[in-house]
Amino acid sequence: DGGITQSPKYLFRKEGQNVTLSCEQNLNHDAMYWYRQDPGQGLRLIYYSQIVNDFQKGDIAEGYSVSREKKESFPLTVTSAQKNPTAFYLCASSIPRPGTGELFFGEGSRLTVL
Amino acid sequence: RKEVEQDPGPFNVPEGATVAFNCTYSNSASQSFFWYRQDCRKEPKLLMSVYSSGNEDGRFTAQLNRASQYISLLIRDSKLSDSATYLCAVNIGSSASKIIFGSGTRLSIRP
């Protein structure tokens with residue numbers, strides 16, 4: 001079955017540590033996204049990528065980094081510079097055409113900083 | 001001003017009621033619009049795309065008003081299973097897809 005796989009589902013880290021969240025898709029979608037969701041809040045865009053080897057900052061990119069070396073993969077690194085990293089992280093993909101944009105989401109990764 | 005703003009809720013209505021949500025967007029060049037449903041601690045799932053002519057899917061009706069820059073979602077004859085958070089999403093990209101979400105509206109249906 002086609003879909004998006006995020007791992008790990010739950011992650012704990014100590015303050016000052018970097019952590020990388022994995023996102024893999026086999027939908028053959030060109031566009032991929034990372035969102036952050038805090039309790040009771042909507043989704044805020046961290047980074048997005050339209051094609052391989054290209055990505056753009058979203059609204060809250062500070063303290064995060066991404067890479068897009070393969071079409072299928074869009075890992076997110078939460079660095080120690082992110083002041084409040086505890087959140088629910090959602091990866092998504094879509095076919096990037098103007099006038100479209102239905103997103104397909106992974107099941108998310110819950111990061112807790114101890 | 002936020003790019004996408006949404007009624008914060010929460011909405012608590014009895015079963016069978018009709019409930020409506022609104023969502024405004026600031027970028028007049030926005031290309032496409034969506035409503036997503038999110039259950040507690042789950043990922044969002046597409047409920048409906050929103051077209052200029054409006055669209056209906058069973059008890060759900062979505063409309064777009066480009067002049068006033070808002071979209072709406074109407075749920076008729078609400079069911080207990082409609083309890084969830086409803087998120088509007090707007091593709092504000094002109095040549096690419098930058099999809100921004102509203103903060104979500106929580107809906108609780110009571111028996």
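Answer yes if at least one residue in the range B:25-36 is more than 15 Å from the chain's Cα centre (by Cα) and closer than 30 Å to A:THR5 by Cα, and no otherwise. Yes, some residue in the range B:25-36 is more than 15 Å from the chain's Cα centre (by Cα) and closer than 30 Å to A:THR5 by Cα. For the range B:67-111, a residue qualifies if it is more than 15 Å from the chain's Cα centre (by Cα) and closer than 17 Å to B:SER30 by Cβ, and the qualifying residues are B:ALA67, B:SER68, B:ILE92, B:GLY93, B:SER94, B:SER95, B:ALA96, B:SER97, B:LYS98. Being hydroxyl-bearing (Ser, Thr, Tyr) and over 23 Å from B:ASN91 (Cβ atoms) is the filter; apply it to the range A:74-114 and report the residue that is farthest from the other protein chains (Cβ to nearest Cβ). So the residue we want is A:SER80. Looking at the range B:67-111, the strands (runs of 3 or more DSSP E) lying wholly inside it that each contain 3 or more residues that are within 9 Å of another protein chain (Cβ to nearest Cβ) sit at B:84-91, B:99-101. In the condition set (1) surrounded by 16 or more Cβ atoms within 10 Å (Cβ to Cβ); (2) away from chain A (no Cβ under 13 Å), B:ALA20 is compliant with all but (1). Selection within the range A:38-50: residues that are in contact (Cβ under 8 Å) with a residue 24 or more places away in the chain and buried (at least 21 other Cβ atoms within 10 Å of the Cβ). The member of this set that is nearest to the other protein chains (Cβ to nearest Cβ) is A:LEU43. For the range A:2-37, filtered to residues that are charged (D, E, K, R) and surrounded by fewer than 13 Cβ atoms within 10 Å (Cβ to Cβ), the residue that is nearest to the other protein chains (Cβ to nearest Cβ) is A:LYS9.
Rule-based calculations on the coordinates, nothing more; no lab input. Values in this document were obtained by computation on a predicted structure and should not be read as measured data. No Cβ is skipped: glycine too gets one built from the backbone with ideal geometry, and neighbour counts run over all protein chains shown.
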